[in-house]
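Please read the structure below before turning to the comments.
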């Protein structure tokens, strides 16, 4: 049963991180169900963070919250902290999307602590990026910490060769500069993000950048 769950989970994660949510969600929902049926915590956690991310991308954060909460609880109790950090970062994003800003900030800080304490540098980079997104959604954005989060994520992603995340960081910086009225800086970051998305065939994200 574990391998069946993995067989559904792997393509689901590939699709979700490309932004192909309509393809990702059925795979991840089947993977989660298989993990639940066989009581496989590892499989449940994997499917949970992918599915939670997909729900966030499709404006279904209220559905993401309970499954990500369960994923983190399983990870914390079972010692799967590497994957628990991913559950936490997407949970923080979901809290932010439903307007629970204090819970979002507290949860993303927890995700960063888990990632740093475990030496999970790639997870730290993603958590910094999501921290920048969360801070950037505020109606009265504090530009300095928001920019610092994006720039820290970008520096770490660049060091680790994480091209999709590099593109996301440029996209985040573009939106921040646009919100601050800094049009030239916004255009430069947006052009970089769009070029990278195009090169990687990430059509969902390319469409988002072009819309921006």
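We did not get these values from a lab; they are worked out from the coordinates using the rules stated. Given the structure is predicted, the values throughout are model-derived calculations rather than measurements. Cβ placement follows ideal geometry from the backbone for every residue including glycine, while neighbour counts extend to all protein chains displayed.
Calculate for the chain the 222 nm mean residue ellipticity that helices alone would give, adding -39,500 (n - 2.57) per DSSP H run of length 4 or more and normalising by residue count, nearest 500 deg cm²/dmol.
-29000 deg cm²/dmol, from helical runs alone.
Sorted by mean Cβ packing within 10 Å, highest first, what order do the peptides 187-194, 105-112 take?
105-112, 187-194
How far is it, in nm, from the label point at residue 109 to the one at residue 82 when both lie 7 Å from their Cα along the line to the Cβ?
Result: 2.8 nm between the two label points.
Rounding to the nearest 10 and keeping the result within 0 to 90°, find how far the Cα-based axis of helix 121-136 lies from the longest principal axis of the chain.
On a 0 to 90 degree scale, this one is about 60.
How far apart, in nm, are the 7 Å Cα→Cβ label points at residue 180 and residue 116?
If labels sit at residue 180 and residue 116, their model points lie 2.2 nm apart.
Show me, bin by bin at 10 Å from 0, the whole-percent P(r) of the stretch 27-178 based on Cα pairs.
Bin by bin from 0 Å, the calculated values are 13, 41, 36, 10, 1.
Which angle between 0 and 90 degrees, to the nearest 10, do you get for helix 101-118 versus the longest principal axis of the chain when only C-alpha atoms count?
The answer is roughly 70 degrees.
Could you sort 169-179, 76-86, 113-123, 62-72 so that the peptide with the highest average Cβ count within 10 Å comes first and the rest follow in order?
169-179, 62-72, 76-86, 113-123
With equal scatterers on the alpha carbons only and no solvent term, can you work out the Debye log10 of I(q)/I(0) for the stretch 95-191 at 0.10, 0.15, 0.20 1/Å?
Ignoring solvent entirely, the Cα scatterers give -0.25, -0.56, -0.96.
Angle, helix 2-18 long axis vs. longest principal axis of the chain, Cα atoms, 0 to 90°, nearest 10?
Helix 2-18 sits roughly 10 degrees off the main axis of the chain.
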